[in-house]
1. Can you sort 107, 117 by how many other beta carbons sit within 10 Å, fewest first?
2. P(r) for segment 2-145: what percent of alpha-carbon pairs falls in each 5 Å bin, starting at zero?
3. Among 18, 43, 166, which one shows the highest mean-square fluctuation when the chain is modelled as a Gaussian network with alpha-carbon springs under 10 Å?
4. May I ask you to sort 33, 59 by Cβ crowding, counting other Cβ atoms within 10 Å and putting the fewest first?
5. For 167, 162, 151, what's the fewest-to-most ordering of other Cβ within 10 Å of each Cβ?
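Please treat every number below as a calculation from the coordinates, not as lab data. Just so we're clear, the structure is a prediction, and the values are computed from it rather than from any experiment. Methodologically, a virtual Cβ is constructed for each residue, glycine included, from the backbone with ideal geometry; neighbour enumeration extends over all protein chains shown.
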Amino acid sequence: MEITFLLIVEIIGTLAFAISGIRLAAVKRFDWFGAYIVGLVTAIGGGTIRDLFLSTTPFWMLNYWYLVVTAIALGLVIIFKRYLVRLDHTVFIFDTIGLALFVVIGMQKSIDFGFPMWVAIIMGTITGAFGGVLRDILINEEPLIFRKEVYATACIAGGLVYWLIAYCNGSTVVQQVACATIIIVVRVLSVVYNWSLPVMGNDSKKKN
């Protein structure tokens, strides 16, 4: 059951991240191929970096369906372009879902490879956040993770909840669901209540 659940999580996460990337590429008026590449990089970028750190073959090289799911995401954006491109909150929705689910995937894979939980939290954060970093670089935007918006912090919060439930001997599925839920809740609350981390200020400007 756990394997099936994780597979479903991975498919949904891939689709969500791909849609978020393709939607932004559409706003930038990329052609279909360019939009597909942006969506694919968004979906597989963080996991690729994670797998390189784990010294294993990048996951998408072992199964073609990541390419297929990204193609499906492209088709959905093309068909529903009027709704997905014009609505600003759609990127936030799909990006947040992808972020939460990919953190779960990254953590579980790191644990399966025998790494301690603190490493799993880092790898989960990389899996969730760095596809978006590569996406933003490709579309010439400042990466979201480096802005004052709560992003990577939400990943860490979810990872800590995963760790706490594991420490209390909770089931793997409960750990994964709780981790994803916390990330989504923190991201939503940070937008609703305008939460942010302190920004590195320029003291010289204040003096002037």
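1. Least crowded to most crowded, the residues run 117, 107.
2. 2, 12, 21, 25, 19, 12, 6, 3, 1, 0
3. 166
4. Ascending number of Cβ neighbours within 10 Å: 33, 59.
5. Ranking 167, 162, 151 by Cβ neighbours within 10 Å, fewest first, gives 167, 151, 162.
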